[in-house]
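Below is one structure, written out as structure tokens; the observations come after it.
What follows is calculated from the coordinates using simple rules that are stated; it is not laboratory data. Here the structure is a predicted model, which means the values were calculated and not measured. When we count neighbours, we look across all protein chains shown, and the Cβ atoms used for this are built from the backbone with ideal geometry, even at glycine.
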Amino acid sequence: MVPAPAAHAQVGQWHHPRHPWGPPWKAPVAHSASFHIGASKIEVDFGPGQLDLSTRQIMRWVKDAASSVATYYGQFPVPMDRILIEPVPNAEGVLSGTTWGDVGGDPAFTLMRVGQNTTPAELNRDWMMTHEMVHTAFPTQKWKHHWIEEGLATYIEPVARVQNGLLPAKKIWWDMMRDMPQGYPPPGDKGLDLTHTWGLTYWGGAQFCLLADVSIREETHDRKGLQDALRAIVRAGGTINHNWPIQKALAVGDAATGTHVLEDLYARMADHPVKVNLPKLWKALGVVRNGYGVRFDSKAPEAAIRRAIDAMPKSGRIAPKGFTPGPVTGAKVQMVAQPGK
Ligand SMILES: [Zn+2]
């Protein structure tokens, strides 16, 4: 089976020296663990090698991410997600993540390369596991539309983690204020479908998502948001293991909100450079720069929209049974020889 094209956490990771041509779905597995979230199963395979982190700590990290994504979408997007943890010797941190659809019989397959000396604090700072799982929730696109795959993952990853109680809202609005300008049109920009720079792919795509979210909430008087559109796409089968034209996905999303926001924004931004007026947007939403952070202006005209974007959805938190999302804690248990008595 020819795997679907990749959705990357980082441009440039595709030509991984050990996996240059696609997902390593026949890679060796040293041991495995799994859990269920709703009707979905997440299998976590550990490749051979050493990790300072315990299996328990890695599983908490994966469960937190799965819970954030399921909380955002109202369900885990695909019935089975296989995660391969590949330990990287003498390295530290979560190094890269890549997700493919329809691999080896599974709807989604994610490779995470994790340094041998990664700490619990680094797992808690990590965004990649959540970002990769968001990729499972949209149909695979042709390369020219790759910006929407990365834009959605970039925008939704932090929002989902706030909704799940794992990040404070002020942090993600400050991050957006700081990082969104990377998606401004570069010189010679011809629009999102035609200009494949890193900035436009990740942050231009994220600007599209933020603008869509705010516009849907304006048009529906806050009854619907981008979240409703994206849930409908997943329910209609628009997940990573299926190839859909972008127009089909956007039409399903628009039907769910009773608007034409996604299709209209696509028509505006696909083949024209668009400079989104971010300062005006922050002001309307009541996101005010405050040193190296933000404060919220509750009297801003669209403060309610900002609160609705990051609030816990009405469907509530979804987590694996018996699991409460929270930070990865604790040092690895060391077996220390007891002194003789
Ligand atoms: Zn990605």
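Things to note:
- Calculated log₁₀ intensity ratio I(q)/I(0) where the Debye formula runs over C-alpha points of region 18-81, q = 0.22, 0.23, 0.27 Å⁻¹: -1.00, -1.04, -1.15
- Unit Cα scatterers, Debye sum, region 7-135: log10 I(q)/I(0) for q = 0.11, 0.13, 0.14 Å⁻¹: -0.33, -0.47, -0.55
- Potential lengthening of the chain between L194 and T55 amounts to 45.7 nm, from the contour at 0.36 nm per residue minus the alpha-carbon distance.
- Using R0 = 45 Å, the C-beta based FRET efficiency linking K170 and N90 works out to 0.80.
- For the peptides 299-305, 254-260, residues were scored by their other Cβ atoms within 10 Å and the scores averaged per peptide; the highest-first order is 254-260, 299-305.
- Fraction of antiparallel bridges per DSSP, the chain only, in percent to nearest 5: 55 percent
- Ordering I240, V287, C209 by the projection of their Cα atoms onto the charge dipole of region 194-299, which places +1 on the Cβ of Lys and Arg and -1 on the Cβ of Asp and Glu, puts V287 at the extreme positive end.
- Nitroxide proxy distance, nm - points 7 Å out along Cα→Cβ at A39 and R295: 4.8 nm
- Measuring between their Cα centroids, region 171-188 and region 110-138 lie 22 Å from each other.
- Using C-alpha pairs below 8 Å separated by at least 6 residues, the relative contact order for the chain is 20 percent.
- q = 0.14, 0.17, 0.25, 0.28 Å⁻¹: log10 I(q)/I(0) that the Debye formula gives for region 220-281, counting C-alpha atoms only: -0.47, -0.66, -1.07, -1.15
- The orientation-averaged projection of the convex hull spanning the C-alpha atoms of region 70-227 amounts to 11.0 square nanometres.
- Ordering of 219-229, 79-89, 124-134 by burial proxy (mean other Cβ atoms within 10 Å per residue, highest first): 124-134, 79-89, 219-229
- Placing a label point 7 Å from the Cα of A255 along the Cα-to-Cβ direction, no residue of region 128-144 has its backbone N under 14 Å from that point.
- Cα gyration tensor shape for region 167-226, rounded if a/c is under 1.5, else prolate or oblate: oblate
- The chain - Kirkwood radius from inverse mean 1/r over Cα pairs (Å): 20.6 Å
- Against the empirical 2.2 N^0.38 Å (N residues), region 143-310 has a Cα radius of gyration ratio of 1.00.
- In region 7-135, Cα pairs under 8 Å separated by at least six residues give a relative contact order of 28 percent.
- Exceeding the 28 Å Cα-Cα cut-off - candidates K190/K314; K170/K275; K63/K275; K224/K280; K41/K314; K63/K170: K190/K314; K63/K275
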